[in-house]
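Below: one structure, written as C-alpha cells.
The values are calculated or read from the model by the stated rules, or taken from the named source; none is laboratory data. Since the model is a prediction, treat every value here as computed from it, not as a measurement. Note that we place each Cβ from the backbone using ideal geometry, even for glycine, and neighbour counts take in every protein chain shown.
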Amino acid sequence: VQFIQHRQNRSPEDALAQWQRLSQSAQSKVVKDFVEEEALYRKAKTFGLDEADYVIRRRMVQKMDFAAAGLTETEFTPSASAMTDYYKAHQAQFSTPAQITFTHVYYESQARGQTTTLELAAENLKQLNAAKVSFSEGGQYGQRFAYHRNYVDRAEPLIVDHFGADFAARVFQLSATQEVWQGPVPSRHGIHLVLIAAVTPERVLAFSEVKTKVVMALRLAEQDKRRVAFMDALLAEYSVAIEPGLGVVP
C-alpha cells in the first residue's frame, strides 16, 4: 500500500482503497513491481547511494534500471544477418499501405429507397461517361456528402472510416480508369459513382530505407533481454516473503 501511495502520490486511505479495488492479477503486478524496485534499491545502496527520501530512492532505482538495460552503439551493434532476418520476419512493420485517388458523386438512398437510388445512379453513370465529365467537374453532380468529394492519395483506413468497409474493399479492387466513371458502389451512407485516378498498391520498403529502424528495434529487444536477465540474477540474491492474506504471488 505504501508503494502505491508513494508511486502515485496518494493518501494512505486512497492507496489502500485502490489496492482493494485491484484484481488479483493487478495486485500481483504491483507486488512484482515493488519487489523489483526494492531489489534495485538495495543494490543501489551497496554503491553508497543510500538516502531516506523516496524521490532519491526512485532516482536510484531508475539509475539501476537504466544500467540494467543500457546499451551504447559500442556495446551492441547487430550483425548484418540479424538485421536481414528481422527485416524479413517483420515486413508488415516496414510497408506503406495501399493508397487511392478518386472523386465520387453521391446519392442519398434513405429517402428514395435503395432500389430507386441504384436505378438513378446507373442512369446518371451513362450521362457522366457520355459527357466525359472530368475529375474536377464531378462536384457539379449528385448530392452533398458528409465528408469529402475528392480523396487524393488516401489509405484504406480513412476510406473505411468515411464510407464503410464494403465500399473501401470495392473501390480498391477497381481499376484506375482516370476518365471513366464506375459504379454504382453502395456505402453505409448511400450510393456512389466513382472516378478513380490512381491506385497505388501496398509496398514493402527496401531494407536500405528502414535500416535505422531495424537497428533500433533490435537494440530495444536486446535491452529488454538484458534487463530481464539482470533482474532474474538480482532477485535471486533475495528471498521474497508475501504477507499472509494478500492472496497474491510475486
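Here are some notes:
- Complete set of residues in the range 130-150 that are in a loop (DSSP other than H, G, I, E, B) and closer than 22 Å to R188 by Cα: Y141, G142, R144, F145, A146, Y147, H148, R149
- Of all the numbered requirements in (1) more than 30 Å from the chain's Cα centre (by Cα); (2) touching a residue at least 40 places away in the same chain (Cβ under 8 Å); (3) outside any helix (DSSP H, G or I), D153 misses one, and that requirement is (1).
- Candidate set from the range 94-111 (those that are over 24 Å from A198 (Cα atoms) and exposed (fewer than 14 other Cβ atoms within 10 Å of the Cβ)); member that is farthest from the chain's Cα centre (by Cα): A111
- Hey, Q8 loosely packed, with under 13 Cβ neighbours inside 10 Å, at pLDDT below 80 and farther than 27 Å from K225 by Cα or not: yes
- Residues within the range 153-168 that are exposed (fewer than 13 other Cβ atoms within 10 Å of the Cβ) and either among the small types (G, A, S) or in contact with a Phe, Trp or Tyr (Cβ under 9 Å, 6 or more places away or on another chain) (or both), tallied: 1
- Set side by side, the residues V171, V180 differ, and just one is in the same structural domain as R112 (by TED's automatic domain parsing) and in contact (Cβ under 8 Å) with a residue 60 or more places away in the chain, which is V171.
- Applying the set (1) assigned by TED's automatic domain parsing to the domain that holds V228; (2) charged (D, E, K, R); (3) exposed (fewer than 15 other Cβ atoms within 10 Å of the Cβ); (4) modelled with pLDDT of 75 or more to E119 leaves exactly one unmet item: (1).
- Across the range 206-218, the qualifying residues are those that are under 20 Å from the mean Cα position of the chain (by Cα) and of a type outside the set (A, V, I, L, M), and the one among them that is nearest to E37 (Cα to Cα) is K213.
- Flag for M231 being in a helix (DSSP H, G or I) and at pLDDT below 85: yes
- Single match in Q173, Q182 (criterion: among the polar types (S, T, N, Q) and in contact with a Leu (Cβ under 8 Å, 6 or more places away or on another chain)): Q182
- Looking only at the range 173-189, and only at residues there that are surrounded by fewer than 18 Cβ atoms within 10 Å (Cβ to Cβ) and not β-branched (V, I, T), the one that is farthest from T103 (Cα to Cα): R188
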